[in-house]
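**Q** Right, I'll just put the structure down here and ask away after.
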Amino acid sequence: MLQIDNLQATVADKPILKGLSLTINAGEIHAIMGPNGAGKSTLGYTLGGRPGYEVTGGSVSFDGQDLLELEPHERAAAGLFLGFQYPVEIPGVSFVQFLREAANAQRKGRGEEPLSGGAFLKLAREQAGLLRMDMDMLKRPVNVGFSGGEKKRAEMVQMGILDPKLAILDETDSGLDIDALRICGEGINAIMRKPDKAVLLITHYQRLLDYVKPDFVHVLAGGRIVRSGGPELALQLEDEGYEAVVA
Amino acid sequence: MTTLTLPTRRDEAYRYSDIDALAGVWPVAREELVVAAGTSGTLDIVETGAATVARHLVITLEAAARFDLRVLLAGPSFGRIAVDVRLGEKADFTMGAAQLATGHETVEIVTEVTHTGLDATSAQIVRTVLAGHATGTYLGRIAVERGADGTDAGQSVRAMLLDRTATANARPELEIYADDVKAAHGCAVGELDAQGLFYLMSRGLPPAEAKRLMLQAFIAEAFAGAANEDMLSEKALARLGAIL
């Protein structure tokens, strides 16, 4: 599904990703762990197409398409979802309006019929229920006044509504209390653990992986993947720390 | 102060005007409105045609009178709305205005709100969206006369530049001769939040749609609570679509 080959990227002319390669197949859940400054968030933003994250080498293919050629909204329509570490507050724009327009823009991009207002609200209510989020919260302006945990749950509701093929979730576990962590973990499983979907979890900690069991764990350090293994690698990292494992 | 002489740009109130365009409609007739004591009124000014528009409203609010004015200035090659308001005791005046311009259009709103009596309240909310080489101006003067204690006068002025070639002018002015006065005013000129735009685009909205959504929210503040909020928003949105 996603093939990253020798990816190099800079932020403000500073090289961050220095030859990162990773292949993710449908049905797989991958976790990328690594110390602060390793380039984890840069990987997420680069794959999402954020302005300012400049690709200087390598290639990324998503479902046979050259991902790097696509604009951010085209990447979304192609089935990529980026879960933000810090979801952005947008005053005055309601979640419901924004998500309906986003969902329909994606459908239009794929040549599908738009969702009616009723069909969209039904979908939104289902997904909000899955994340135990009050539907009234989705009538409020995007992320405004939401707690850290509510923002992350709202990210998962958006993922459920947009129904991507590949979700790249950047520190979805940060800022969550124990219950919210479990709810988000269960949400990820319910929405994304399917034979035709895949997930790339970017995280510092093992705890999210207790709920969302990864098939593969990678260690990112110095802008490239320095070690890959199964779920046991995450446990080893938790025990021994990055320094010992990366060395 | 009725004058038939065409102003020049040396005249502070016309410093940013398109004087050549103004000459075509000069002199501008004063539209006088008196809101009788204890009554209330509303007025929507919607100027969305391309022709030059210059209007000058003079509104007198008698004791405990209320007036709600909404202005949408979106389309004229030169558009100027001047509003002089005098508030009596316990009167209340609200103005919500949105100006949208692109190309080489010039739009401006000039207000002079004078509190003459005790305990009157006034609020102006002005939102300006400018693209291309457009110029948008808001000159807002609040005067509180001697003895007009208990005045509460607010002004919120924001302009959004979609292109670096557009120009926004904002000049809030306060002249206060009373002791017990609340006058809150905020003024900001900026660009659309790049982080917010990327967030919306990452969910599948094309750039123009993402901008439209954010600007819609920006303009909505000017029309919030208006009797004809939907009509005003719809007309603003139509113009926004053309600008983006």
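The values are calculated or read from the model by the stated rules, or taken from the named source; none is laboratory data. Fair warning: this is a prediction, and the values are worked out from it, not measured in the lab. When we count neighbours, we look across all protein chains shown, and the Cβ atoms used for this are built from the backbone with ideal geometry, even at glycine.
**Q** Looking at B:36, B:50 in this structure, which one is surrounded by fewer than 14 Cβ atoms within 10 Å (Cβ to Cβ) and either under 16 Å from residue B:70 (Cα atoms) or in contact with a Gly (Cβ under 7 Å, 6 or more places away or on another chain) (or both)? Walk me through how you get there before you give the answer.
**A** Numbers: B:36 fails: either under 16 Å from residue B:70 (Cα atoms) or in contact with a Gly (Cβ under 7 Å, 6 or more places away or on another chain) (or both).
None of the others qualify; the one that does is B:50.
**Q** While we're here: Those residues that are of a type in the set (D, E, K, R) and not in a strand (DSSP E or B), I need them from the range B:151-196; list them, please. First the steps, then the outcome.
**A** Pass one, the range B:151-196, residues of a type in the set (D, E, K, R): B:152, B:158, B:163-164, B:171, B:173, B:175, B:179-180, B:182, B:191, B:193.
Within the range B:151-196, B:163, B:164, B:179, B:180, B:191, B:193 meet the criteria.
**Q** Exactly one of (1) surrounded by 20 or more Cβ atoms within 10 Å (Cβ to Cβ); (2) within 11 Å of another protein chain (Cβ to nearest Cβ); (3) of a type outside the set (S, T, N, Q); (4) closer than 27 Å to residue A:80 by Cα is unmet by residue B:211. Its number?
**A** (2)
**Q** Continuing with the same structure: Among strands (runs of 3 or more DSSP E) lying entirely in the range A:156-247, which contain 1 or more residues that are under 13 Å from the mean Cα position of the chain (by Cα) and under 28 Å from residue A:114 (Cα atoms)?
**A** Values: elements: A:166-170, A:198-203, A:216-221, A:224-229.
Result: A:166-170, A:198-203.
**Q** Confirm whether residue B:199 is assigned to a helix (DSSP H, G or I) and either farther than 30 Å from residue A:51 by Cα or within 14 Å of another protein chain (Cβ to nearest Cβ) (or both). Please lay out each step first, then the result.
**A** Details: assigned to a helix (DSSP H, G or I): yes; either farther than 30 Å from residue A:51 by Cα or within 14 Å of another protein chain (Cβ to nearest Cβ) (or both): yes.
When the stated conditions are applied, residue B:199 passes them.
**Q** Considering A:47, A:20, which residue is more than 30 Å from residue A:121 (Cβ to Cβ), in contact with a strand residue (DSSP E or B) (Cβ under 7 Å, 6 or more places away or on another chain), crowded, with 20+ Cβ neighbours inside 10 Å and within 12 Å of chain B (Cβ to nearest Cβ)? Talk me through it step by step, then tell me what you get.
**A** On the way: A:20 fails: within 12 Å of chain B (Cβ to nearest Cβ).
None of the other options fit; the residue is A:47.
**Q** Within the range B:77-85, is even one residue crowded, with 17+ Cβ neighbours inside 10 Å, farther than 30 Å from residue B:177 by Cα and aromatic (Phe, Trp, Tyr)?
**A** Applying the first criterion (crowded, with 17+ Cβ neighbours inside 10 Å) to the range B:77-85 yields B:77-85.
Subsequent filtering for residues that are farther than 30 Å from residue B:177 by Cα retains B:77-79.
From what is left, the residues that are aromatic (Phe, Trp, Tyr) are B:78.
Among the residues of the range B:77-85, at least one is crowded, with 17+ Cβ neighbours inside 10 Å, farther than 30 Å from residue B:177 by Cα and aromatic (Phe, Trp, Tyr), which makes the answer yes.
**Q** Of the residues B:88, B:41, B:117, which single one is surrounded by 21 or more Cβ atoms within 10 Å (Cβ to Cβ) and out of contact with any helix residue (DSSP H, G or I) (no Cβ under 6 Å at 6 or more places or on another chain)? Even if it seems obvious, please write down each step before you answer.
**A** On the way: B:88 fails: surrounded by 21 or more Cβ atoms within 10 Å (Cβ to Cβ); B:41 fails: surrounded by 21 or more Cβ atoms within 10 Å (Cβ to Cβ).
Only one candidate passes the filter, namely B:117.
**Q** Still on this structure, I have one more. For residue A:81, all conditions in the list (1) at pLDDT 90 or above; (2) within 7 Å of chain B (Cβ to nearest Cβ) hold save one; what is the number of the exception?
**A** Only one criterion is unmet by residue A:81, namely (2).
**Q** May I ask you to verify whether residue A:128 is facing another protein chain (nearest Cβ under 8 Å), part of a helix (DSSP H, G or I) and either surrounded by fewer than 23 Cβ atoms within 10 Å (Cβ to Cβ) or touching a residue at least 24 places away in the same chain (Cβ under 8 Å) (or both)?
**A** The answer is no for residue A:128.
**Q** Given (1) under 30 Å from residue A:159 (Cα atoms); (2) away from every other protein chain (no Cβ under 14 Å); (3) aromatic (Phe, Trp, Tyr), where does residue B:177 come up short, assuming only one miss?
**A** (1)
**Q** Within the range B:59-74, can one find any residue that is out of contact with any Pro (no Cβ under 6 Å at 6 or more places or on another chain), in a loop (DSSP other than H, G, I, E, B) and of a type in the set (Ser, Thr, Tyr)? Walk me through it before giving the result.
**A** If we filter the range B:59-74 for residues that are out of contact with any Pro (no Cβ under 6 Å at 6 or more places or on another chain), which is where we start, we get B:59-74.
Subsequent filtering for residues that are in a loop (DSSP other than H, G, I, E, B) retains B:62-65.
Checking which are of a type in the set (Ser, Thr, Tyr) leaves us with none.
Scanning the range B:59-74 turns up no residue that is out of contact with any Pro (no Cβ under 6 Å at 6 or more places or on another chain), in a loop (DSSP other than H, G, I, E, B) and of a type in the set (Ser, Thr, Tyr).
**Q** Just checking, does the range A:144-155 include any residue being within 13 Å of another protein chain (Cβ to nearest Cβ), in contact (Cβ under 8 Å) with a residue 40 or more places away in the chain and surrounded by fewer than 18 Cβ atoms within 10 Å (Cβ to Cβ)?
**A** So in the range A:144-155, the residues within 13 Å of another protein chain (Cβ to nearest Cβ) come out as A:144, A:151, A:154-155.
Remaining after also requiring in contact (Cβ under 8 Å) with a residue 40 or more places away in the chain: A:144, A:151, A:154-155.
From the residues that got through so far, the ones that are surrounded by fewer than 18 Cβ atoms within 10 Å (Cβ to Cβ) too are A:144.
Yes, that holds for at least one residue.
**Q** Report whether or not residue A:106 is on the phi < 0 side of the Ramachandran plot, at the interface with chain B (Cβ under 9 Å from one of its Cβ atoms) and surrounded by 15 or more Cβ atoms within 10 Å (Cβ to Cβ).
**A** Yes.
**Q** Go over the candidates B:163, B:193 one by one and state the one that is closer than 16 Å to residue B:129 by Cβ and either away from chain A (no Cβ under 11 Å) or at pLDDT 95 or above (or both).
**A** On the way: B:193 fails: either away from chain A (no Cβ under 11 Å) or at pLDDT 95 or above (or both).
The unique qualifying residue is B:163.
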